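Worksheet: the structure to be examined is printed underneath.
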Amino acid sequence: MIKLNFNERDLAERWGVSPKTLQRWRSEGRGPMYLKLSKRVIYPLDQIQAFESKALCASTSEKSPSIMTPVLPEARLLNAEEAAVATGLPIYLFTNKRVREAAGVPFVYINGSIRYDVNAVMNWARVRSAELNKHALQAPGDTGDQSGSSREINSASLSR
């Protein structure tokens with residue numbers, strides 16, 4: 001009998017990875033598509049096979065994009081420092097995972113690294129600039145004193 005769906009443990013065993021790896025991939029938006037039914041995670045066989053076929057390589061010189069988030073070929077990708085300079089926003093907004101997620105900064109995974117599509121980040125910054133100015137972002141650990149620790153966003157720098 002052919003299995004049509006795999007649970008996390010079965011798929012981990014099939015690929016020789018730990019179930020924790022599959023959990024991390026799901027949280028990062030990597031890996032095959034899955035179904036979440038209440039607390040149960042199920043991977044349909046057709047999604048597993050599609051994911052495996054994308055990972056096929058003819059030689060070691062080919063790079064497999066199998067577990068990376070797809071990016072448009074014309075996208076200009078930036079690291080955290082470049083994204084901070086381009087937007088005029090504090091770098092911790094791009095380097096601190098909790099702050100980045102709370103603010104909804106758009107990013108992609110490329111070969112295990114976080115990169116920022118310049119167009120997506122600039123559009124996000126324009127939309128969020130009023131809200132960010134209103135709340136005057138503070139770096140993690142800032143006490144909120146008036147000695148310059150509060151970092152306001154210059155909305156003029158966002159319109160570059």
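Coordinate-derived values only; no laboratory data. Predicted, not measured: the structure shown is a model, and the values here were computed from it. Because the Cβ atoms are built from the backbone with ideal geometry, glycine has one as well, and the counts that use them run over all protein chains shown.
Listing Ser113, Ser38, Ser27 from fewest to most neighbouring C-beta atoms within 10 Å gives Ser38, Ser27, Ser113. The simple Förster model, with R0 at 35 Å and r as the Cβ-Cβ distance, assigns Asn5 and Asn96 a FRET efficiency of 0.40. Would you please classify the overall shape of region 5-55 from the alpha carbon gyration tensor, given that a ≥ b ≥ c denote the square roots of the eigenvalues, rounded means a/c under 1.5, and beyond that prolate means a/b larger than b/c while oblate covers the rest? It is rounded, given that a/c, with a ≥ b ≥ c, falls under 1.5. The charge dipole of region 5-55, taken about its Cα centre with unit charges on the Cβ of Lys, Arg, Asp and Glu (plus for the first two, minus for the last two), comes to roughly 260 debye.
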